[in-house]
Structure formats: structure tokens, C-alpha cells
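Okay, structure first, notes after.
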Amino acid sequence: MPRRYGYFFLAPVVLFLGAVIVLPLAHAFWTSLHRVRGLSTTFVGLANYVRALTDDAFWHSLGVSVVFTASSVALHLVLGLALALLLDQLRFARTAMRIAFLTPWMVAPAVGATIWLWLLEPQFGVVNWLLRAVHVVNAPVAWLGEPGTALGAVIGVDVWRGVPFVMLLMLAGLQTIPAEQYEAAAMDGAGAWQRFRHVTWPNLRYLTVVATTLDVINTIRHYDIIGVMTAGGPAGATETLPVLLYNTAFRANRFGDAAAVGVLLLLVVLAFAAVYVKVARLDRIERT
């Protein structure tokens, strides 16, 4: 069969990807070069990028994104690995426990955020009721109404939803570790911590880098939870870059500036994607 026939088979996929990925990205970049106010469009070149990079709001949102992403990813990794180790050791109700821990991940982000919005409600929320019942707090706490607690609250909700993803990857990695390595370590008198340090962790090191990189890419561009729970407030305490993009476009009606923020956010995501590709390539070389 001539090689050109292969291109005909690939053409539908290439056209589909071009329609849903390439064209929207090209349109977003083109929009970022214009000043858009309603139906009025004026070409301004790189002025939107200059405005974004010299605007304190952009750097504030970038800082909030870094704190939100770093905190969430670190907690995803620690708790996800701990739950994976727990599930790997279970000998009963293993399937039921896996489904229970995976449930938050199966819930749509907007739905989960709405549920937590009710749970954290100052006057009638379950969280405040439980904390007052055990005398942790004496008065209702406005978790989403104060800058000092709002960011921590949305990080907590993101951790609740994001831990199962890392847990699933780590559990898959744990099940590929040869049992002979643990048996040899036990024969040498290694304790639980030594087995984890010298057997489990070295086998999970590559998977940890991959999981962390993918989790960073997914978390830094996340909008749903913050958009539903705080919309970037109070006083910009939870305004990450995706939230700034949304607020700039649909609340301030500055689509050109919002498109510039979106392109800058895309560059940040592509930087982490490049790290993932490089790590995967190095691992492939080591394996061969």
C-alpha cells in the first residue's frame, strides 16, 4: 500500500485536532493583539502583553497561582502516596475502599465546589457546626469571606478532589514493584521505613516526577473550584491567573487583555509540559 494512503487515514484526526485546538489558539493569540470593547476592535500589537506584565494585578494573580498550585500539589503527593500505601496493604474490602477514595475525583469540579460552598457556609454550614461542637471554634468562621482563610479553604477543596488522581498513579506504581525486592529487604532485616526508603521510593521516583508534573499542569490552569466558591475574592485573595482571565474578559469586558493573560498562562503550562516530555525521554533512554 502506498505511503500516501496513510495520510488519508490520519487526515480526519488532524483536521479535528486543528479545529478544536489549533484554530482556537490562533484566534486567542490574534485577539490578544487587539483592543476589544464590545463590537469595537483596534489592533494594538503587543500593548496588551506590556500592560499585563506591568500590571500589579497580573503579578499578584501569578503569586496566588504559585501558592495555590505548590500547596495543592504538595498535599496531593503526600496524601496520595499515603493512601496508595494504605490501599496496597489492604487485604479486605479493597475494591470498596478504592471506590470510596476515588469518589471525589469522579464528581464534577463545579458540583463538588457547590457542595463545599454549602458545607462552609458561616451560619448553617456543617463544618462550622462540627468545629463548634468539639469546641475548636467559639463563633462561626466565614471561611470564604476573609482573605486569611479563603485561600486555605479553596486549597483544601482542591486537595479533596485532586488526591485520588495521584493516589491512583501511585497505587499503579506500587503494584509493579517486584515482591522479591521486599522479600530480600526483609531477609536483610530491613524495617518498614528502610523498605520504603530503599525499595518503594526508588521504584516510585520516576512516577513521582511524572505525577507531580501532570498535577502541576492540571492545577495551575484550574478555574472551576475557585470560580464557583469565591470568584477570586475576597479582595483578590484567591484570584489565580485563570480567574483573572475570566474576570478580565467577562466582568471587565476587556477581551484583548484577557487573551494576553491566557497566552501567558499557556506559556507557563507549556514550560511544565516540556519538563514532562524531557523526563519521559530520559527515562526511555535509561530503559533502553
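Note on region 234-254: residues that are closer than 26 Å to Arg35 by Cα and touching a residue at least 12 places away in the same chain (Cβ under 8 Å) amount to 13. Taking region 111-132 as the range and being buried (at least 18 other Cβ atoms within 10 Å of the Cβ) and over 19 Å from the mean Cα position of the chain (by Cα) as the test, the residues that pass are Leu117, Leu120, Gly125, Val127, Asn128. Would you say Thr213 is among the hydroxyl-bearing types (Ser, Thr, Tyr), surrounded by 14 or more Cβ atoms within 10 Å (Cβ to Cβ), in contact with a Phe, Trp or Tyr (Cβ under 6 Å, 6 or more places away or on another chain) and in contact (Cβ under 8 Å) with a residue 24 or more places away in the chain? So Thr213 passes the test. Is at least one residue of region 174-186 among the hydroxyl-bearing types (Ser, Thr, Tyr) and farther than 30 Å from Thr42 by Cα? So far as region 174-186 goes, yes, one or more of its residues are among the hydroxyl-bearing types (Ser, Thr, Tyr) and farther than 30 Å from Thr42 by Cα. Taking region 247-271 as the range and being surrounded by fewer than 19 Cβ atoms within 10 Å (Cβ to Cβ), part of a helix (DSSP H, G or I) and not aliphatic (A, V, I, L, M) as the test, the residues that pass are Phe250, Arg251. From the list Val14, Val22, Val50, the one residue that fits, being within 28 Å of Gly233 (Cα to Cα) and either at pLDDT below 90 or not hydroxyl-bearing (Ser, Thr, Tyr) (or both), is Val50.
With respect to being crowded, with 19+ Cβ neighbours inside 10 Å, among the acidic types (Asp, Glu) and part of a helix (DSSP H, G or I), Asp88 falls outside the description. Screening the candidates Ala108, Ala82, Ala142 for the property of being more than 23 Å from the chain's Cα centre (by Cα) and small (Gly, Ala, Ser) yields one hit, Ala142. Annotation for region 96-109: no member residue is in contact with a strand residue (DSSP E or B) (Cβ under 8 Å, 6 or more places away or on another chain) and under 30 Å from Arg254 (Cβ atoms). Selection over region 113-147 of residues that are part of a helix (DSSP H, G or I), small (Gly, Ala, Ser) and in contact (Cβ under 8 Å) with a residue 24 or more places away in the chain gives a count of 1. Residues that are outside any helix (DSSP H, G or I) and among the aliphatic types (A, V, I, L, M) were ranked within region 1-44; the one that is surrounded by the most Cβ atoms within 10 Å (Cβ to Cβ) is Val36. Select from region 198-233 the residues that are among the aromatic types (Phe, Trp, Tyr) and in a helix (DSSP H, G or I) and write down the one among them that is modelled with the lowest pLDDT. Within region 198-233, the match that is modelled with the lowest pLDDT is Tyr206.
The values are calculated or read from the model by the stated rules, or taken from the named source; none is laboratory data. Being a predicted model, the structure only gives us computed values, none of them experimental. Neighbour counts run over all protein chains shown; Cβ positions are idealised from the backbone, glycine included.
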